[in-house]
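Notes follow once the structure below has been shown.
The values are calculated or read from the model by the stated rules, or taken from the named source; none is laboratory data. Keep in mind that what you see is a predicted model, and the values were worked out from it rather than measured. No Cβ is skipped: glycine too gets one built from the backbone with ideal geometry, and neighbour counts run over all protein chains shown. When the accessible area is computed, the model is the full protein with side chains, heavy atoms only, and any ligands, DNA or RNA have been set aside. Shrake-Rupley method; radii C 1.70, N 1.55, O 1.52, S 1.80 Å.
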Amino acid sequence: MKLKKRILCLAAACAVLFDVISFPASADESETVNISLSNKLCVFSGWGTGFSKWAVEAGKSGTVSKKAAEMLFGEDGLKMNIVRYEVSGGDDPSHNHFLEADKMPPSWTKTVTDKNGNTSHVVDLSRDMGRINLLKKCIDSAGEDVSVELCPTSPPYYMTVSGCTAGAVFSGLDNLRADSRGDYGKYLASAVSAMASKGITVGSIAPMNEPSSLHWKAKDTRREGCHVSQGDMQTKMLLAVRNALDRAGLSRVFIAASDEADIDTAAASLNALSNKARDCISRVNIHSADNENADFVAVAKKCGRIRITEADGLYTAGENAGEMSAALGISKRIIADLENSSASAWVMWQAISSGSPDLNGGYLGLLYRENMSQNLETTQKYYAFGQFSRYIDANSSLLKVDDNTIAAYDRSKNRMTIVAVNDSSEVRKVKYLLDGFGLLKGSKVSEIRTSGSLADGEHWSVTGKAAAVTKSGFSADLAPNSVTTYVIDGAVILTTGHIGDVNNDGQINVTDITIVAAHIKSRRFLEDEAQVLADINGDGSINVTDITRIAAHIKGKRLITAASRYNEDDFISYTDVTENPDIDNASDG
C-alpha cells in the first residue's frame, strides 16, 4: 500500500541546503566546516586496547586491576569496549633470548607426559589468571558486552620450522610448518573453549600478526612473530583455522585478518588471498593507515568491518603545545586512521606504559605507572583520547570531515558528535554546517574540551559557552592547542520517503521485511536514511517489533499511518534564531 505523506517536507530540506551554501571567508571571519551525511564512512563499533605486558603486570595487583578497569572501561573513564588479548605461542623452554622489555605474556601451552612416556601439548590458562581476572574487571566496568579478540603472536614453538617463536632462521621465510596448520587451528579452538570455561566469551580470532613483515627472526631479542607469505600460505592458514573452529562447534567465532602493519601491505595481502579464504574473513584488521588506499577499502569492506588494531606511536603536534603535544598528536592520528581506512574501531597497542614519560614530548600509552605499587597516572594524551571515546558511541555512523575533524551521528539519540583538533597557537573561529540534517527546536550544543597542562589545564571540561545555533549548524571558537568535542542533541536526518517503505520503492511489502531482518541480524546494515523509515514505532531502535508492524500492515491488520515523524514547524527557523535567543544557548552538560 502506498502512503501519500513524506516523513519530512522537501521545503525544510531545501531551506537547509540554501543555508549550507558558503562563501570564502576573510582572515577575520569564521572558516566553514561542512558535516555531511553524504560523507559516511561506516558504522562505528568502538574503542579498545591490547592486553599485553601491561595487563600481565596490572593483573598481579587486585587494586591496580580495579583502577585500570575503571579508568579504561568505566563510565567515568574512557568507556572502552574492545580487548585485543595477546596470546603467546610459548617459546622452547631452553631458549632465553627475549629482552625483559619484550618479555611475552605467559604461554597457554602445557606439555604433559602419559604413563608410557609419550608427550603431548594442551591449553592451560593457569599461569595467566591475573590477566584473565583483570579482563573480567574490565568487562564489569564497561557495564555491557565487551568484544574480546584473541591475537596470537606466533604458533607454539613445536609447530614452527625454526623451533623458535621469535621467527624463522632467515627473516622473511614462513615459520609455521605445513603439517601443523591443522594443529594450529585446533590449538586456537581449544583456547576459545578454555576462555569460555573461565566465563569469557571470545568473539573473534586474529591468527596472524604482521605476517608480511620481515623482522621476525629466530633467537631475536625482540617479541614473538611469524612470517606468513602473502597468497597461498596465508590462504592455507586461514582456511585451516576456519575449519578447526567449525569442527569444534565454534562457527560463531569470527576470523579477523591479516593485522598487517600498514594499509598498502594489507591491500596486497587481501588481494592475494583466494576467494574462499576471503569468504572466511569476517573482519579486516590493520595497524595503521598513514595514507588513503581506495583499493584496500573496497576489498576489505567485502570481507566485513575494518579495525585499526595496534595503534599508538610517539606522535606530537601543536605549536609550543607543552603537555598537549602528545595529546594533539594522537588526536590527529585517530582522525587520519579512521578517515583513511573507513575503520569501525580504533584500538591502542598498550594503553598503560611503564615508567614516567616526558610529558612535553611523544610517548607510548595513555596512562603510566612507576611500578605496580603506585597509582596509575593520567596524561593529557589520556584525556584527549577520551574526547573521542567518551562521546562517539558504538553503532554511531562515522562521518569524514577533514584532517582536524571527525563526526559521528547516533540516529537512536538524534545526536551529532563532532571532535575538532586545533593544533595552532591561535583561536580558530569555525562555523559548522550540517548537510543532510535538520536541527529541532530546543536543540542543544554541549562543548567539552581538553587543553593546557595536567596541573592547570582542562580535562573533559564542559565550557558552558553558548553556541550560536542556526537552522543548519552553529559557530564556535576552538581554543589554541586543544581538542574539543561538540555534542548536538536534536539533530535529525532529513529523509524523504514513507515509514515502512524501507527501500523507498513506493511500496511496503515483504522485501522491506527482508532487508530490515538482515539489518537486525547484522548481515547487511541499513543506511541511516533507511533506518529512519524502518523504525516504525519511532523508539530509536530497529528490532523485531518493527518487522511485526510492517507484517501487520502488509496483511491489512494494522496499517502504518502516513503521518510525518517531523514537520517543518518542528525545526529551528530563521525567525526562531532572530526572535528567540533562548534557542542559541548551549547546554552546560
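For the chain, what is the accessible area per residue in Å² when the probe is 1.4 Å?
42 Å²
Towards the positive end of the charge dipole of the stretch 440-539, with charges on Cβ (+1 Lys, Arg; -1 Asp, Glu), say which of Val532, Ser446, Ile499 has the farthest Cα.
Ser446
What is the spin-label model distance, in nm, from Ala552 to Asn360 if the labels are put 7 Å beyond Cα along the C-beta direction?
6.7 nm
For Leu526, what accessible surface area do you get with a 1.4 Å probe? Give it in Å², rounded to 10.
Around 20 Å² of this residue is reachable by solvent.
What label, among (1) -0.75; (2) -0.61; (3) -0.95, belongs to log10 I(q)/I(0) by the Debye sum over Cα atoms at q = 0.08 Å⁻¹ computed from the structure on display?
Looking at log10 I(q)/I(0) by the Debye sum over Cα atoms at q = 0.08 Å⁻¹ for this model, the match is (2).
Rounded if a/c is under 1.5, else prolate if a/b is larger than b/c, else oblate: which is the stretch 497-539, with a ≥ b ≥ c the root eigenvalues of its Cα gyration tensor?
The shape class here is oblate.
From the helices alone, meaning DSSP H stretches of at least four residues, give me the mean residue ellipticity at 222 nm for the chain, per-run term -39500 (n - 2.57), in deg cm²/dmol to the nearest 500.
Taken over the chain, the calculation gives -8500 deg cm²/dmol.
Nearest 10 degrees, 0 to 90: what angle lies between the long axis of helix 181-197 and the longest principal axis of the chain (Cα atoms)?
70 degrees
What nm distance separates the two modelled labels at Ala248 and Lys301, each placed 7 Å from Cα along Cα→Cβ?
So the label points at Ala248 and Lys301 sit 3.3 nm apart.
For Ser453, which sequence-distant residues (separation of 5 or more, or a different chain) have an amide H within less than 5 Å of its own amide H, given hydrogens modelled in the peptide plane?
Glu458
With an 8 Å cut-off on Cα pairs and a minimum separation of 6 or more residues, tell me the relative contact order of the chain in percent.
16 percent.
Which length gain, in nm to one decimal place, applies between Glu292 and Ser541 when the Cα-Cα distance is subtracted from 0.36 nm times their residue separation?
Here the segment from Glu292 to Ser541 would lengthen by 86.3 nm.
When DSSP beta bridges are limited to those with both residues in the chain, what percentage is antiparallel, rounded to the nearest 5?
Restricted to the chain, the bridges split so that about 60 percent are antiparallel.
Would you please put 182-189, 216-223 in order of how densely packed they are, using the mean number of other Cβ atoms within 10 angstrom per residue and starting with the highest?
With the highest mean Cβ count within 10 Å placed first, the list reads 182-189, 216-223.
Given Cβ point charges of +1 (Lys, Arg) and -1 (Asp, Glu) and nothing else, what value in debye, to the nearest 20, does the dipole of the chain about its Cα centre take?
Roughly 2500 debye for the chain.
What fraction of the DSSP beta bridges in the stretch 236-385 is antiparallel, stated in percent and rounded to the nearest 5?
Taking every DSSP beta bridge with both residues in the stretch 236-385, the antiparallel ones total about 5 percent.
How much of the accessible area of the chain, in percent, comes from carbon and sulfur atoms when a 1.4 Å probe is used?
About 48 percent, which is the carbon plus sulfur part of the accessible surface.
Set the Förster radius R0 to 30 Å, insert the Cβ-Cβ distance between Asp179 and Asn96 as r into 1/(1 + (r/R0)^6), and round the FRET efficiency to 0.05.
After rounding, the FRET efficiency stands at 0.60.
Lysines near Lys217 by alpha-carbon distance under 27 Å, same-chain residues fewer than 8 away left out - which ones?
Lys53, Lys103, Lys110, Lys186, Lys236
Find, among the GluC sites (Glu not before Pro) in the stretch 290-350, those assigned to loop by DSSP (not H, G, I, E, B) with at most 15 other beta-carbon atoms within 10 angstrom.
Glu292, Glu319
For the stretch 228-278, what's the relative contact order in percent, using C-alpha pairs closer than 8 Å and at least 6 residues apart?
Reported as a whole number, the value is 56 percent.
Any chance you could run the full-extension gain for Ile520 through Ala196? It's 0.36 nm times the residue separation minus the Cα-Cα distance, nm to one decimal.
114.1 nm
Which whole-angstrom value gives the distance between the alpha carbon centres of the stretch 156-198 and the stretch 505-548?
If we compute the Cα centre of each part, the gap is 43 Å.
Considering only C-alpha atoms, what is the centroid distance from the stretch 45-108 to the stretch 458-488, in Å?
36 Å
Classify the stretch 284-378 as rounded, prolate or oblate from the Cα gyration tensor: take a ≥ b ≥ c as the square roots of its eigenvalues, call it rounded if a/c is under 1.5, otherwise prolate when a/b beats b/c and oblate if not.
Oblate.
Between the stretch 336-350 and the stretch 241-266, how far is it from one alpha carbon centroid to the other, in angstrom?
About 19 Å separates the Cα centre of the stretch 336-350 from the one of the stretch 241-266.
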